[in-house]
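Throughout, read-outs are computed from the coordinates displayed, never taken from laboratory work. None of these values were measured; they are calculated from a predicted model. Glycine also receives a Cβ, built like all others from the backbone with ideal geometry; neighbour counts cover every protein chain displayed.
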Amino acid sequence: MKNFFFFFFFFFFFFFFFSFYFYIIDFNLMVEFYVYPFGVNFFSLIFFFDWLGLLFVSLIFLISGSVLFYSIGYMWGDSSFVRFFFLVVLFIFSMVMLIFCPNLFCMILGWDGLGLVSFCLVIFYQNFISLYSGLVTFFFNRLGDAFLIIGIVFMVNLGSWHYLMYLDLNLIDNLLFYIYFMVFMCSLTKSAQFPFSCWLPVAMAAPTPVSSLVHSSTLVTSGIYLLIRFNYILNDLFSYFLFFISLLTIFVSGLSACVEYDLKKIIAFSTLSQLGLMMFSLSLGLVKLSFIHLLIHALFKSLLFLCSGFYIFNVGGTQDIRYMGSFSNCFPFISSLFMIGLLSLCGFPFFCGFYSKDFIIEMVILINLGIFKMVFFFFGVGLTMIYSFRLIYYIFFGSGNYFVLMKFSLNFYMKYSIIFLGVLSIIFGSFIFWMIEDLFIFIIDDSLKNFSLLMFFFFFFFFFFFFFFFFFFFFFFVYDLVFVFTNYFYYFFGSMFFMNFFFISFFSNMVFGLVKYFFYIEKGWLEYSVFFGLKYILVSFMNSFFDSFSYNYFLMMFLGIFFSFIFLFMFIF
């Protein structure tokens, strides 16, 4: 299995080279295999290769190879490692099917494959918490799959499931509007946008390599990739709706990350915030910037998850950041890579995250959305700096009171699997912007170019002011009031505005409760009458019919001759 890293590494360079080759010569390749006709429709398997899909697949192979090489050290000695390996390979296959198939009927294979394999990966640790998290993840993924299946059913009336054939059709048509609405809704559920955001933090019960691959760069970005392919459907109505949905996602996830103590959930909330930023870019028509930020985010977010898994591995399995501290002294190499990922997340010049986030912020300034929307957007983006420096404070400058729990082991596979991700988290942003010439935008002067850096330092000092002034000064003067207020404060923002209660505790329980009542009332009548009942009745009738004639040869001969004459009469006349 060690050689599989080099296998994925080779495919990374292969697809990466051809992606830029296709971009330079402006070439697309479509391969179609006809399978069979389906009424007025025809079913065919199509693979569409362009620079956008090839570049996305190349990074998926890079991250997958790094994760599998990392898993050799992280899950060494686990009896289910072979099962984990094959599940990851199935997940990669489903993602490749989703990216390269422009046929919605074939795309549902990859789309459903992502949901089913992610469910198996979330419940990899066989305990109650993993099962609960897996059911919540499965429920929300099935909700998105239902929207996509309804859209596929609507497309039967158009004569084909190839969505590339409908680029020039009018959106005013009611049928196309319903199809695009279903695709739009299934993208929101898969990418965990508000109000479907609560399943992603819950899914952190999966192993850390799964979170690095599934919940940062592939599964949650599949909805954004689908909207990028369907970017022509984003008319004024859909863009207006997506604008407010993404803005709420950025704001709510940022506030939740500021009060969370679980390391993996903090990174999951940051993933939600960046997904909201990509959707926000799509709502403004910045399709290429959204895609480039998707690629850059996949790199440094996978790096953050793998480094956090290294910390969790060395603290006895706990994920609470209050039990961590002084890791910059214990693990300077891993801490340096973790710091690179955090600075890229914040958009610090000149890391890879700076290029995409800086251009998105500049375009938002140029569009001039209005004072209220601008303040809401910049505060939501600025929350990234607050929870990032909060994470730095606890992990690097904490007291480290639980040193007795630490192993202080520097695993070879875990260490060297993330080096390439760390290097790309520095140089990939500038490289991709130099290669794709359409992204050169030299409009804003130097004073506004430095705005992102000024915002970085502003929220840095705001964090320290907020942390020390609020939690220390008021703590000594109005202890009871602050104690009660902070409890409600943490619960309200930590539950994403009570979204966990409504969608998980209330909505999910209501749905599963209805299924339970249906099971109690139905008592197997539907199953008996539809499948087993008809089968039992038919078999019993045929047995009794032939048993009655088993010894009456004359009657059987008479019936045979009678039906032979009937068939002969029908054939002649």
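Go ahead and run the numbers for FRET between F333 and V153, Cβ-Cβ distance against an R0 of 45 Å, rounding to 0.05. Intermediate values should be presented prior to the final figure.
Details: r = 53 Å, r/R0 = 1.18.
Once rounded, the FRET efficiency stands at 0.25.
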| field | I365-V82 FRET efficiency (beta carbon distance; Förster radius 45 Å; 0.05 resolution) | value | 0.30
| task | Determine the gain in length on full extension of the stretch D262-S239; use 0.36 nm per residue of separation and subtract their C-alpha separation, reporting nm with one decimal. | result | 4.9 nm
| request: Using only Cα atoms, figure out Rg for segment 281-356 and give it as a multiple of 2.2 N^0.38 Å. | output: 1.32
| said: What does the C-alpha gyration tensor say about the overall shape of segment 219-304? Classify as rounded when a/c is under 1.5, otherwise prolate if a/b is larger than b/c, or oblate. | reply: oblate
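Given the Cα atoms of segment 90-165, and with Rh set as the inverse mean 1/r over their pairs in the Kirkwood sense, what is Rg to Rh to two decimals? Intermediate values should be presented prior to the final figure.
Numbers: Rg = 14.5 Å, Rh = 13.4 Å.
Over the Cα atoms of segment 90-165, Rg/Rh equals 1.08.
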| query | Hey, rough spin-label estimate for D320 and E32, points 7 angstrom out along Cα→Cβ, what's it come to in nanometres? | reply | 6.0 nm
| note | Residues whose modelled amide H sits under 5 Å from the amide H of N103, counting only those 5 or more places away in sequence or on another chain, are I46
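Rank-order 176-186, 344-354 by packing density, defined as the average count of other C-beta atoms within 10 Å over each peptide's residues, highest first. Numbers along the way, then the final one.
Working: 176-186: 20.5, 344-354: 22.9.
Averaged packing, sorted descending, gives the order 344-354, 176-186.
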| task | Express in whole angstrom the spacing between the alpha-carbon centres of segment 306-381 and segment 85-163. | result | 29 Å
